Amino acid sequence: MNESRFKCAAVKAIKKELPGVWVYHPSDRWNSGVPDLLVLWEGQFAAIELKVGRNKATRLQEVVMGRIRVAGGIAAVCRDLTEVRAVLETLKRRIVNEK
């Protein structure tokens with residue numbers, strides 16, 4: 001599966017798992033380092049960088065994801081839908097813990 005198809009499958013899975021979710025996939029080539037998917041659900045934020053094959057997150061992507069974590073968000077590199085769903089479960093747990 002190429003990254004474009006992976007992105008479509010991930011967005012579909014996110015929308016199915018999290019009713020009412022806001023998910024954005026930036027395609028701004030001028031802002032390097034921004035993760036592939038930005039997810040906001042019930043006040044919680046997650047950023048997901050999608051990678052296929054042997055591709056790795058760039059140093060800049062790692063820095064951006066570190067800043068997201070410091071600001072209280074979830075940030076992860078995902079290589080398959082199982083890893084995407086794990087991020088969604090983390091998001092769900094945060095919401096349950098807030099209540």
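None of the figures in this text is laboratory data; all of them are computed from the coordinates on show. Bear in mind the structure is a predicted one, so any value in this text is a computation, not a measurement. Reconstructed Cβ throughout: ideal geometry from the backbone, glycine too, with neighbour counts over all protein chains shown.
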*Pairs, please: C-beta under 8 Å, at least 6 apart or cross-chain, first residue at positive phi and in segment 30-55, second surrounded by 17 or more Cβ atoms within 10 Å (Cβ to Cβ) and not in a loop (DSSP other than H, G, I, E, B)?*
33/61; 33/64
*Out of (1) in a helix (DSSP H, G or I); (2) on the phi > 0 side of the Ramachandran plot; (3) not β-branched (Val, Ile, Thr), the odd one out for residue 13 is which?*
(2)
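Rundown of residues vs (1) part of a loop (DSSP other than H, G, I, E, B); (2) surrounded by fewer than 17 Cβ atoms within 10 Å (Cβ to Cβ), yes/no style:
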residue: 19; (1), (2): yes, yes
residue: 62; (1), (2): no, yes
residue: 72; (1), (2): yes, yes
residue: 75; (1), (2): no, no
residue: 86; (1), (2): no, yes
